[in-house]
């Protein structure tokens, strides 16, 4: 077969294979066009999961009558005009392929009116065949009606799932867009039944009402609002406390410059921030909004624009990770009030640590395991003088010990119950991490050095990363073009297999310029050490010891969970107790 130019209709259907994957993709493209047109209200009507009818109506700026035929031409758009616009995109759509691609596989009618025109005009496209524009009745804005999706491509239609499944994907797209734009009202009807009705959300309370409607009231009850700005980047949103975790990442919403994305870098940063407070098999929940200069992000890296690329990937990762980590480390005491008080993550990050720092890990570990060490650690700080009712104290004043496990305390807002082993485990773990964080991991020289053969670029990276490796506790010298010698390893990990550990660290350095492998290994070991050294169940504590434990908890970051993700304390409010005993009824 000779080389030939493909027919226009076939070109459109090939392009539709990328743009129009399913009804949800049609809705995404049409709603994004409405948002780019400045709409403040978008109404969607769906039938049969979107296969029979998709109608999107907005009150945006509309399309000029003479431009209606051009709107259905490939690569025709009002959103960019030159390369400079492509490098600093501020709109959701920009390729100009959505409308012609949809029109090539469906029966589409586009009706629009601009403000200065007295009447609207309608333009139809039937499987790629366009018709002349004609006058129509329509308010200012645009309506796009898509009927019989894939009517002319039966093979594509057979790949669609059930009506319920397709509508589920479509509903998720609408909810993502509604979370991205609080300034726009959304309605969604399916088979003439109201599904979503969201008014515009102007202030914080209205935005939280929308988040509760889309993510659930329970999520918002466990979420902490924060906002932080650094070097031209702003991160804001809600992060759920670790006690509200999920079996899958279905409640992780990340938005970059108003665009919903499923970016691996952002999800890794979120996961890394929760590493000390969440079970490995659980997933955190959050709604995050990242804003930065459009020139620092490439949104044209994926056909569906769900994956993006950052120009300063390492900086963005560290910014997101450090911000969320600081919010989780210092949540407001009492989950119910957390969402109502904004958290300044920058101020939290600047707070000096109050945990003691030992000169070396081994003496600290030996001290924790010494006879009576648990009791000594528990009473390390004097008990402050406070009113007996616990006024002025977050966790109150100790009353008694229950079952040899729980500490009961009276606080302003009710009864506080503390799992003393889990709480002391977190305190000990944070002390040990603080000691390690002072000057890096302590190195231990190997009795017999280990020689490694690497790729030349890996050996170059080892030579260029001497300072970073030293902070991780490694001493690695280059011996040739493709050979290095390991002279020292982190003391904490001296008993592990040196060669695979070093290879993993070097691979991380080559790929990302840093390594989380050693930190993860060290954290896991510290967590085990803290667990073994924490005060045990069935050990009777005096009231002074219990009060000292409460005061240490108030000063310890991430105290709400132990190292394994279990909660360390809870509160039963006076109102809950009144309801339990039917007081006032």
Per-selection Rg to Rh, the range 4-157 - Cα, Kirkwood hydrodynamic radius: 0.95
Cα-based equivalent ellipsoid, the range 445-507: semi-axes from gyration tensor eigenvalues, Å: 18, 12, 10
Potential extension, residue 544-residue 40 segment - 0.36 nm per residue separation minus Cα distance: 175.4 nm
FRET E, pair residue 88, residue 417, Förster distance 41 Å, beta-carbon r, rounded to 0.05: 0.15
Calculated FRET value between residue 130 and residue 564, using beta carbons and R₀ = 60 Å, to 0.05: 0.45
Taking 424, 190 and counting other C-beta atoms within 10 Å, the order from fewest to most: 190, 424
Gained length - residue 585 relative to residue 296, 0.36 nm times residue gap less alpha-carbon distance: 98.0 nm
Global size of the range 191-250 as Cα Rg and Dmax, reported in angstrom: 14.4, 48
Spin-label model distance (nm) - residue 243 vs residue 450, 7 Å beyond Cα toward Cβ: 4.2
Where labels lie 7 Å past Cα in the beta-carbon direction, separation of residue 52 and residue 481 in nm: 7.1
R0 of 22 Å, Cβ-Cβ distance residue 574-residue 204: FRET efficiency to nearest 0.05: 0.20
Distance between modelled label sites at residue 231 and residue 66, nm, 7 Å Cα→Cβ extension: 5.0
Additional length obtainable on full extension of the chain from residue 118 to residue 3, 0.36 nm per residue less Cα span: 36.4 nm
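Read the figures in this text as sums done on the coordinates, not as results from a lab. In this text, all values refer to a predicted model and were calculated from it rather than measured experimentally. No Cβ is skipped: glycine too gets one built from the backbone with ideal geometry, and neighbour counts run over all protein chains shown.
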